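*Asks:* Below are the structure tokens for one structure; questions will follow.
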Amino acid sequence: MSEFFFRAMLPVMILLLQVCPAGRATAAETRINGRVSSGTGGPLQGVVAIETGRLYSKSYRYGGRIDEQGRFSVRVPRGGDYAVHIYATGYVYHPIGLKIEDGRTNRFSFTVPPNPAIAEAPVISRVLFETRDGDPGQRRIRLEVNDPNGNLSHQVLGINTATEEAFIFEPSGFVFPWARNYPNGTYTLSYDTGGRPFKPAEWLFVAADNRCYSSAVLRSPFNLEEGVVPAQVEGAARPEAVPQLAQERKPTVAFGRRVFADNCAVCHYPDKTATKVGPGLKGLFRRELTPVEKIPVTEGNIRRRIENGGENMPPYAHIRESARSALLLYLKTL
């Protein structure tokens with residue numbers, strides 16, 4: 001009986017071994033892949049940090065290097081809601097919430113505008129690595145971070161490119177959880193190597209403020225002379241001019257839509273009132289009051305907000321008058 005059963009089941013067993021050979025994973029990885037480019041389409045290198053859950057939940061878990069081709073690939077444990085933050089030296093940082101499908105490679109493209117006020121961005125002036133309690137497996141990393149306008153956000157981050165992990169640094173003193181602006185000073189990360197050799201060259205560091213300005217991305221040797229990761233490999237870290245904004249053009253709704261896509265869509269929905277990073281702008285010119293300042297919605301007030309910026313918003317006086325006028329025409333259509 002047992003011999004008959006064995007002979008009957010042998011073809012089934014062989015088939016199972018062919019379908020699921022030993023050592024092969026039966027479930028596909030879940031990955032977030034991206035390509036990062038400037039307004040002209042050229043690739044940007046830098047760093048990506050990924051939060052689990054909603055945007056600005058402060059649950060940074062995963063991250064990686066954005067390579068010279070502007071590409072990154074980061075593994076996450078499962079599908080669901082994630083928030084992706086893109087940082088490139090000399091560019092406005094790009095945050096976006098994404099729905100990730102489980103068991104597949106999720107591919108996205110990101111376009112990042114240049115920072116209009118690089119001198120107002122945070123600066124990481126010092127990086128220090130220490131051993132805790134004499135244990136080489138327990139490390140402490142300290143960053144000295146300063147924002148010239150006192151607008152520093154909670155985003156003082158370290159990315160281990162070997163383990164694809166992201167970490168948030170803690171300020172030296174207590175900060176109320178709902179505080180908008182974090183203090184300048186020393187930020188610290190306590191890190192357990194988990195038995196791996198500790199290699200400073202695996203780390204990248206970046207900081208961002210509440211106006212979407214980010215520091216230079218720092219790599220080994222972690223100084224502002226030799227350690228800056230340039231956004232564009234072939235030249236300096238300064239962002240290139242965006243052609244469609246560097247030329248005078250007649251203000252039109254179509255031109256304004258492009259200006260919005262290149263500069264505003266990072267933080268604002270054009271077709272929703274929900275908050276993205278800043279408030280959604282659907283129906284802006286049909287409202288009585290502006291969503292943040294609570295002042296009358298007039299063309300003059302909106303123009304001043306665009307040119308001067310405000311709380312958590314960078315100024316855009318650097319774009320030409322024709323582009324600002326076109327943007328106002330487009331906002332009136334939302």
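None of the figures in this text is laboratory data; all of them are computed from the coordinates on show. This one's a predicted model, so the numbers in the text were calculated from it and none came from an experiment. Neighbour counts are summed over all protein chains in view; Cβ atoms, including those assigned to glycine, are modelled from backbone coordinates with ideal geometry.
*Asks:* Above 18 angstrom, tally the Cα pairs of segment 244-331 and express them as a % of all pairs, no decimals.
*Replies:* So the pairs more than 18 Å apart make up 38 percent of the total in segment 244-331.
*Asks:* Please find the FRET efficiency linking Arg75 to Ser37, where r is the Cβ-Cβ separation and R0 is fixed at 25 Å, and quote it to the nearest 0.05.
*Replies:* Given R0 = 25 Å and the Cβ-Cβ separation, E is 0.65.
*Asks:* Same structure again: When you have a sec, figure out the Kirkwood radius of the chain from all distinct Cα pair distances and drop it here in Å to one decimal?
*Replies:* 22.0 Å
*Asks:* Could you grab the Rg to Rh ratio for segment 30-111? Cα atoms only, Kirkwood for Rh.
*Replies:* We get a ratio of 0.95 for segment 30-111.
*Asks:* Let a ≥ b ≥ c be the square roots of the eigenvalues of the Cα gyration tensor of segment 87-240; is it rounded (a/c under 1.5), or, if not, prolate (a/b larger than b/c) or oblate?
*Replies:* Judged from the Cα gyration tensor, segment 87-240 comes out rounded (a/c under 1.5).
*Asks:* Using just the alpha carbons, could you tell me how many Å³ per residue the convex hull of segment 118-209 encloses?
*Replies:* 104 Å³
*Asks:* Considering only DSSP beta bridges where both residues belong to segment 30-111, give the percentage that are antiparallel (nearest 5).
*Replies:* Here the antiparallel bridges make up roughly 80 percent for segment 30-111.
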